[in-house]
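Report on the structure given below.
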Amino acid sequence: MELFGIPLQALLSQLLLGLVNGSFYAMLSLGLAVIFGLLNVINFAHGTLYMLGAFAAWIGLSYFNINYWVMLILAPLIVGAFGIVIEKTMLRWLYKLDHLYGLLLTFGITLMVEGIFRSIYGVSGQPYSVPDALQGATNLGFMVLPNYRAWVVLASVVVCFSTWFVIEKTRLGAYLRAGTENPKLVEAFGINVPLMVTLTYGFGVALAAFAGVLAAPVIQVSPLMGSNLIIVVFAVVVIGGMGSILGSIVTGLGLGVIEGLTRVFYPELSATVVFIIMAIVLMIRPAGLFGKEK
């Protein structure tokens with residue numbers, strides 16, 4: 001069976017691949033949106049923290065024989081703790097300064113961490129096997145669905161929309177938003193705003209690490225895996241609207257699908273389609289699709 005002259009199975013396979021990529025875009029852009037929207041910091045180190053999550057999973061399996069499922073929980077905690085150290089020792093002093101200072105600091109952290117890992121492991125990727133429970137594929141009749149890729153999409157969607165619900169629909173999310181807009185008023189109610197800010201940054205970093213663990217069996221673990229992705233993720237955040245939680249999720253998933261379809265119908269454009277869409281959106285709506293005009 002063909003659709004627009006393309007075999008249906010090939011089309012659906014590319015759609016699935018686009019959805020998997022979109023899942024990574026959504027999770028990474030969600031972490032960026034949480035950090036920028038609540039802390040007003042442009043975290044250029046986000047791609048490096050994603051790489052650290054993948055390397056934590058690989059090191060855990062290779063050196064300590066810790067399986068995938070344990071590292072799926074442990075790696076975000078480890079990298080999140082590293083993020084908290086960065087926030088408490090460096091970023092905290094830049095909140096009231098121009099965005100450029102935070103961008104330069106996190107860019108420097110990126111260069112430093114990537115340089116350390118490149119000197120130890122080189123630039124070639126390290127393989128990470130799919131966990132036994134998710135190996136193989138399921139025949140749906142119209143296509144063969146790899147079990148692990150289905151798991152990546154499911155896990156990403158659940159984590160992304162759970163985060164959106166907590167931030168937008170719960171009392172904790174209201175405290176977070178109020179604490180960034182009027183910290184002195186929130187502190188008057190007995191809430192420790194500096195601790196809340198620190199934990200928020202740690203959570204955004206942990207999201208990147210979680211995405212890194214999910215990505216480890218899909219792509220080879222490499223020191224450059226974060227820098228290869230972060231520019232696209234920033235484009236996703238800009239299209240969705242800087243600081244928009246829902247915008248980052250919907251835009252990330254949607255652009256992944258569009259990128260997958262572009263690979264089928266016009267492969268030469270697949271590497272640039274996200275940036276073309278970004279340029280069009282910025283001309284029509286400078287605040288992004290879900291952003292608020294100031």
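In the condition set (1) free of Cβ contacts under 8 Å to residues at least 40 places away in the same chain; (2) touching a Ser or Thr at 6+ places or on another chain (Cβ under 6 Å); (3) of a type in the set (D, E, K, R), Lys96 is compliant with all but (2). Just name the residue that is nearest to Ala150 (Cα to Cα) out of those in the range 199-221 that are surrounded by fewer than 20 Cβ atoms within 10 Å (Cβ to Cβ) and touching a helix residue (DSSP H, G or I) at 6+ places or on another chain (Cβ under 8 Å). Taking the candidates together, the pick is Val218.
Scan the range 124-141 for residues that are under 26 Å from His46 (Cβ atoms) and either in a strand (DSSP E or B) or β-branched (Val, Ile, Thr) (or both) and jot them down. Gln126, Val130, listed by residue number. If you go through the range 53-87 and keep only what is among the aliphatic types (A, V, I, L, M) and either more than 19 Å from the chain's Cα centre (by Cα) or closer than 18 Å to Pro223 by Cα (or both), you end up with Ala54, Ala56, Ala57, Ile59, Leu61, Ile66, Val70, Ala75, Ile78, Val79, Val85. Checking each residue in the range 142-152 for being over 16 Å from Leu15 (Cβ atoms) and either polar (S, T, N, Q) or part of a loop (DSSP other than H, G, I, E, B) (or both) picks out only Asn147. Taking the conditions (1) under 20 Å from Gly252 (Cβ atoms); (2) in contact (Cβ under 8 Å) with a residue 24 or more places away in the chain; (3) surrounded by fewer than 17 Cβ atoms within 10 Å (Cβ to Cβ) in turn, Pro127 satisfies each one other than (1).
When Ser270, Ser244 are screened for being without any contact (Cβ under 8 Å) to a residue 60 or more places away in the chain and either in contact with a Ser or Thr (Cβ under 6 Å, 6 or more places away or on another chain) or open to solvent by less than 70 Å² (accessible area, probe 1.4 Å) (or both), only Ser270 passes.
Residue by residue, here is whether (1) open to solvent by 40 Å² or more (accessible area, probe 1.4 Å); (2) closer than 19 Å to Ala215 by Cα holds:
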{"residue": "Gln135", "(1), (2)": "yes, yes"}
{"residue": "Arg149", "(1), (2)": "yes, yes"}
{"residue": "Ser156", "(1), (2)": "no, yes"}
{"residue": "Cys160", "(1), (2)": "no, yes"}
{"residue": "Trp164", "(1), (2)": "yes, no"}
{"residue": "Asn182", "(1), (2)": "yes, no"}
{"residue": "Gly190", "(1), (2)": "yes, no"}
{"residue": "Val193", "(1), (2)": "no, no"}
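Somewhere in the range 25-34, is a residue more than 13 Å from the chain's Cα centre (by Cα) and either buried (at least 24 other Cβ atoms within 10 Å of the Cβ) or more than 30 Å from Gly141 (Cβ to Cβ) (or both)? Looking for residues that are more than 13 Å from the chain's Cα centre (by Cα) and either buried (at least 24 other Cβ atoms within 10 Å of the Cβ) or more than 30 Å from Gly141 (Cβ to Cβ) (or both), one finds none in the range 25-34, hence no.
Picking from residues in the range 79-123 that are in a helix (DSSP H, G or I) and among the acidic types (Asp, Glu), the one that is least open to solvent (accessible area, probe 1.4 Å) is Glu87. For Thr251, the conditions (1) open to solvent by 70 Å² or more (accessible area, probe 1.4 Å); (2) not in a loop (DSSP other than H, G, I, E, B) all hold with the exception of (1).
Taken over the range 42-62, the criterion of being open to solvent by less than 10 Å² (accessible area, probe 1.4 Å), in contact with a Leu (Cβ under 8 Å, 6 or more places away or on another chain) and under 14 Å from Gly102 (Cα atoms) is satisfied by Asn43, His46. Here the condition is being closer than 20 Å to Phe24 by Cβ, open to solvent by less than 80 Å² (accessible area, probe 1.4 Å) and within 21 Å of the chain's Cα centre (by Cα); of Phe290, Phe275, it holds for Phe275 alone.
The values are calculated or read from the model by the stated rules, or taken from the named source; none is laboratory data. None of these values were measured; they are calculated from a predicted model. Heads up, the Cβs are rebuilt from the backbone with ideal geometry, glycines too, and the neighbour counts pull from every protein chain shown. Areas reflect the complete protein model, heavy atoms only, side chains present, ligands, DNA and RNA absent. Shrake-Rupley method; radii C 1.70, N 1.55, O 1.52, S 1.80 Å.
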